[in-house]
1. Evaluate the following for Thr195: is it hydroxyl-bearing (Ser, Thr, Tyr) and part of a loop (DSSP other than H, G, I, E, B)?
2. For the structure I just gave you, tell me whether Leu70 is at pLDDT 95 or above and within 24 Å of Ile291 (Cβ to Cβ).
3. Note down all Cβ pairs under 7 Å where the first residue falls in the range 19-41 and is closer than 27 Å to Thr204 by Cβ and in contact (Cβ under 8 Å) with a residue 40 or more places away in the chain, the second is polar (S, T, N, Q) and open to solvent by less than 30 Å² (accessible area, probe 1.4 Å), and they're at least six residues apart or on different chains.
4. Just for the range 42-53: of the residues that are in a helix (DSSP H, G or I) and touching a residue at least 12 places away in the same chain (Cβ under 8 Å), which one is nearest to Lys79 (Cα to Cα)?
5. Exactly one condition in (1) open to solvent by 80 Å² or more (accessible area, probe 1.4 Å); (2) under 20 Å from Phe213 (Cα atoms); (3) modelled with pLDDT of 85 or more is false for Lys303; which is it?
6. So which pairs qualify, if the first residue must be in the range 194-210 and closer than 16 Å to Ala222 by Cβ, the second must be of a type in the set (Val, Ile, Thr), the Cβ gap must be under 6 Å, and the two must be at least 6 apart or on different chains?
7. Can you spot a residue in the range 206-215 that is buried (at least 20 other Cβ atoms within 10 Å of the Cβ), of a type in the set (Ser, Thr, Tyr) and over 21 Å from Thr319 (Cα atoms)?
Amino acid sequence: MSSKANELPFQNDMIGHLVANGWLLGKAENYNRELALYPEDLLGFVQETQDAQWQKFCGLYPSNPEEKFLERVATQLNKADPNAANKEMRTFGTLGVLRHELRDRGTRFSLCQFKPEHDLNPETLLRYRKNRCRVVPELVYSPWANEAHLAETGAKAKAWRIDLVLFVNGLPIATLELKSEFKQAVHNAIKQYETTRLPVDPATKKPEPLLSFKRGALVHFAVSQYEVYMATRLEGDDTYFLPFNKGTQNGGSGNDVPEDINRYATDYLWNEVLLPTNLLNILARFVHLQIEEKEDWEGRKYKKEALIFPRYHQWDVVTKLVEAARSEGPGHKYLIQHSAGSGKSNSIA
């Protein structure tokens, strides 16, 4: 294995495992910064799996159907009103677009096919196998970084690159900032998100589509060789990161260092959680928009939204319980150990 003394070999190792496990390798120049989409995969999935609907859509917009379709998807993503909390709004934003049909003048499109419960419908199963999971390294995400900004070192903040961005059928799912523990700890990646990965561009005061809550990537990972942290909402210094670690054999925090020197303590992230089958299942069944009614100090009620992405131990225990129920049948008792503040209520739910 390459030396882990810097970030690049770590990044290349991760990309290599992702590609070996079914991910496609993308190019940053093929990313649409204005729409925060990877058009090749979005259009390719729809055209390949829903040709009849696509031909109908082309008939409605004969001049430039591809551009119209991308704009229609972006419109649905942008409707994620941060102050809205009604059920209809759940069809908007990235999660809503993944889970609900996109409709336009009599046409209907599914932008993602989750795994069916059975194999009785071969067409659905075939569409599921056509999902495109893509990893794009070194992505310049900001639409406000023009050529002049990119060439001018003084405006480098407008050209920040994210180490890895993950897409499903062209829709942004996750961003990952990587740090080598030999050079910088994982908390440097967290600080990077808090100080330079801002949902609103500080110069133009306009939103960054990829980093906007609900409209852009659903989760943001800070990753080193030894630890992983995650956040679902970027808010500058107020961004709240949660551990995404497995825990140690003796019940401690963090991760055990593997005995195999050719492995990383955090390789469960890309070898387990980010396997296409597992990630699609998480998007279908685990991620949800939690809406709570709060009251301020003056007694005024308001809605608070939080996007819940399962932490590793939550995903792991629910997956194991489901498998146990399938193999052993219902009616058994199990003991599940979660530490304080680790999200027991969501695991139970």
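1. Answer is no for this residue.
2. No, not satisfied.
3. Between residues of the range 19-41 that are closer than 27 Å to Thr204 by Cβ and in contact (Cβ under 8 Å) with a residue 40 or more places away in the chain and residues that are polar (S, T, N, Q) and open to solvent by less than 30 Å² (accessible area, probe 1.4 Å), the close pairs are Arg33/Ser142.
4. Leu42
5. (3)
6. Here the result reads Glu194/Thr239, each pair linking the range 194-210 to a residue that is of a type in the set (Val, Ile, Thr).
7. yes
Yes/no matrix, rows are residues, columns are (1) closer than 23 Å to Met230 by Cβ; (2) modelled with pLDDT of 70 or more; (3) open to solvent by 40 Å² or more (accessible area, probe 1.4 Å); (4) touching a strand residue (DSSP E or B) at 6+ places or on another chain (Cβ under 6 Å):
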site	(1), (2), (3), (4)
Tyr312	yes, yes, no, no
Arg326	no, yes, yes, no
Gly329	no, yes, no, no
Lys333	no, yes, yes, no
Ser339	yes, no, yes, no
Ser342	yes, no, no, no
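The values are calculated or read from the model by the stated rules, or taken from the named source; none is laboratory data. This is a predicted model, so every value here is computed, not measured. For neighbour counting, all protein chains shown are included, and Cβ atoms are generated from backbone atoms with ideal geometry for every residue, glycine included. Surface areas here come from the heavy atoms of the whole protein model, side chains and all, with no ligands, DNA or RNA. Shrake-Rupley method; radii C 1.70, N 1.55, O 1.52, S 1.80 Å.
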